[in-house]
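Notes follow the structure.
The values are calculated or read from the model by the stated rules, or taken from the named source; none is laboratory data. In this text the structure is predicted, and so the values were computed from the model without any measurement. Cβ coordinates were reconstructed from backbone atoms using ideal geometry, including for glycine residues, and neighbour counts include every protein chain displayed. Only protein heavy atoms, including side chains, enter the accessible area calculation; ligands, DNA and RNA are left aside. Shrake-Rupley method; radii C 1.70, N 1.55, O 1.52, S 1.80 Å.
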Amino acid sequence: AGALSAMEAIAAASPRMVALGAGGEDLATDLGMQPSPDALYLPKMLCVVAARAAGILPLGFVGTVAGLSDPEGYRAMLRRSRGLGFACASCVHPSQVSVINAEYGDSPAEIERAQRMVLAFEAALAQGLGAVSFEGAMIDEPVVERARRLLARAR
């Protein structure tokens, strides 16, 4: 629990740091709580913020690695966690590797959509527009920057 207020300093402690995680089981035990997604949400999100601020990868997910008996629940938890900013994860069993890779990786459809988005936005910028409709949604610089980052990961 004492490390929570020092996460930003820990994340920036060395140029050799590549990722930062907060162990859910250990943290829950130290805080006297169950390692549920609700209970772990705040400390895990502090980890995401500290890691991203330091330019390193947020490692983990909002939940626990202990749930081997529910692979679909594990998949859903990873999908939610990726949407919250987590970039990678560790696992406790080989059966979890393919699920982590699938949920934290980028699908060919996501990569193709990101490519189309960047091209559409570049065409809009060439016309002097800073925002444009793309496949039914408004896109602008922050949205396109996420697409560029996805493409950089895919390379």
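General observations
- Sole residue being closer than 20 Å to residue 48 by Cβ and touching a residue at least 24 places away in the same chain (Cβ under 8 Å), chosen from 105, 85: 85
- For segment 122-135, the condition of being open to solvent by less than 60 Å² (accessible area, probe 1.4 Å), without any contact (Cβ under 8 Å) to a residue 24 or more places away in the chain and within 25 Å of residue 16 (Cα to Cα) holds for none of the residues.
- Helices (runs of 4 or more DSSP H) (entirely within segment 1-61) containing at least 1 residues that are basic (Lys, Arg) and under 18 Å from the mean Cα position of the chain (by Cα): 37-54
- Residue match in segment 84-107 (condition: assigned to a helix (DSSP H, G or I), open to solvent by 80 Å² or more (accessible area, probe 1.4 Å) and either on the phi > 0 side of the Ramachandran plot or in contact with a helix residue (DSSP H, G or I) (Cβ under 8 Å, 6 or more places away or on another chain) (or both)): no
- In segment 13-32, residue modelled with the lowest pLDDT [restricted to those that are open to solvent by 70 Å² or more (accessible area, probe 1.4 Å) and of a type in the set (A, V, I, L, M, F, W, C)]: 31
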